[in-house]
Amino acid sequence: AMLDPDSGLSLTIARIVQRLKGSSLHSQLERQARVSLHKPEIKLESLKEDIKDFLKTSGWEKKLQNAVYSELNVFPSPCHPAAPPEHMKEPLAYMRKAQGSWEKRILKSLNSMCTELGIPLAQKRPVSEQKELLNKWNEMGTDEPDLSLFRPVYAPKDFLEVLMNLRNPNYENGEQPSFRNHLGLIQVPLKVKDIPELKEDFSELGLNIGQLGIDDSAQVPPEFFENEHVRVGQKVLAEQDSAAAQQYVRQGCPTALRADLWALILNISNQPEDILYYEQLKSNVIQHDLLVDSLIYKDVKLTASNDDYYFVFEDYLYQVLLCFSRDTSVLEHFSYSSATPPKSYIRGKVGMEEYAVFYPPNVYSVESINSFILSVAPLCFLYHEPSKLYQIFREMYVRFFFRLHSISSHPSGIVSLCLLFETLLQTHLPQLFYHLREIGAQPLRISFKWMVRAFSGYLATDQLLLLWDRILGYNSLEILAVLAAAVFAFRAVNLMEVTSLAAAEAVLADLSTLKVMPLLQIFLFATVT
């Protein structure tokens, strides 16, 4: 049920007020207001207005605006008050059901691993082990435990199989009139954008607009644009306005300003209480040993040792991911995602306090450990202080990356991205699409892993950061599908010659020399529609 704009707005306001009430910002504002009462410029007869003016001039009003803006970016638009709560998570019942059975499958896989290996899901570490872990917290990478028995909970191709089998039960055997001619692997009728709509959405990427990441724009000499863009960026940072920063990064972030601009957009300020929270997560890691720790360890070892870029950050990766697996605040976000946190007890110990655990405290940490590693690693280039790195990752996860690991109908969800990718190819490169389909090399089988990992581990780091600038700038992951289609367009001539899936994969095996922005621009703005 659609809401009329006014009641929708008042519901949104009520919800944001509710969310901010318990926050530290709320208590800081109260404290500031009390402090201001002792200032000579505050008069009793105009108390309310004077306090408002004081909060404005002292920068607190800006902080409040940024907090509200941050809430608006994370939360979905409100449902009808009469709608059941699960509709806020995901309006389509068949999507909710598919997500539920996917979660069960992951938990079953974890439980059977425990049984096979004879180890509990969670246990308290002995004191000696706690001390040892604390001492080597900053160099966990030096450890070489034997993890050969641990296996990944699932691989991207397992997840793709699940998405390929999704069907809308209201349509019997593909009787969807507008959808009947979709020949890709994804067979659910979701609305995705066409190129004219994408052009409008991504208008700042247009050919006549200055961009960081494009070296030879005909319109503006790059060095002139860059100097001017840096100057504007410094001004945006001085203003401390999240909305302005989000608009600014659509044209790319200067390297020197990126860390601060992203933090401003995500409204992360690394307050003392944030640092304390991180320390609490760390002490939880030190006290308890979870099965998921070994999985994280194994995956970090594999990822970091295979990648020259990331292996220098190995210790950071352990710290962030081990803490993330303990972070129950991420569970709040289940109220607007199609996923639900699981609980489990250690067998035979139900009711004994030290054995009762949300397992893992944050289920998402299992859903795709390998993708997590790849989403933390690029952030290590920008943030070197563990608690700040942690907060940025958590916020990026809750705003964007969780959508790549859960089944939903959201336009930035992985199902919609797969469908958008396939539709763009089928519409704009039909010959290539049919050729690859005929030889058994469905394009999505190749591009799925790029999208599910937001291209991390595939692009050169400077290019990846330029791409993520735009994810933050547009508050959307749709650009991942557009880039995936643009890569196929760029390599189309070679792909038309291949005769097998393996050969197609070989043509697309190395994306590390690609320049993201020219590819996106050509595909969106120079494709004949």
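Miscellaneous remarks
- Filter result for residue 490 (under 19 Å from residue 444 (Cβ atoms) and either touching a strand residue (DSSP E or B) at 6+ places or on another chain (Cβ under 6 Å) or open to solvent by 40 Å² or more (accessible area, probe 1.4 Å) (or both)): yes
- The set of residues in segment 493-528 that are loosely packed, with under 15 Cβ neighbours inside 10 Å and under 22 Å from the mean Cα position of the chain (by Cα) contains only 512.
- Among the residues of segment 108-137, those that are out of contact with any Cys (no Cβ under 9 Å at 6 or more places or on another chain) and in a loop (DSSP other than H, G, I, E, B) comprise 118, 119, 125, 126, 136.
- Odd one out for residue 483 among (1) in contact (Cβ under 8 Å) with a residue 60 or more places away in the chain; (2) surrounded by 22 or more Cβ atoms within 10 Å (Cβ to Cβ); (3) not β-branched (Val, Ile, Thr): (1)
- Residue 282 falls short on exactly one of the conditions (1) out of contact with any Cys (no Cβ under 8 Å at 6 or more places or on another chain); (2) of a type in the set (Lys, Arg); (3) assigned to a helix (DSSP H, G or I), and that condition is (1).
- Of everything in segment 304-334 that is of a type in the set (Gly, Ala, Ser) and either modelled with pLDDT of 85 or more or buried (at least 16 other Cβ atoms within 10 Å of the Cβ) (or both), the residue that is nearest to the chain's Cα centre (by Cα) is 325.
- One residue alone among 392, 369, 373 is at pLDDT 90 or above, under 15 Å from the mean Cα position of the chain (by Cα) and of a type outside the set (S, T, N, Q), and that residue is 392.
The values are calculated or read from the model by the stated rules, or taken from the named source; none is laboratory data. Computed from a prediction, not measured in an experiment: that's the story for all the values here. Ideal geometry is used to build each Cβ from the backbone, glycine not excepted, and the neighbour counts take in all protein chains shown. Side chains included, ligands, DNA and RNA excluded: accessible areas come from the protein's heavy atoms. Shrake-Rupley method; radii C 1.70, N 1.55, O 1.52, S 1.80 Å.
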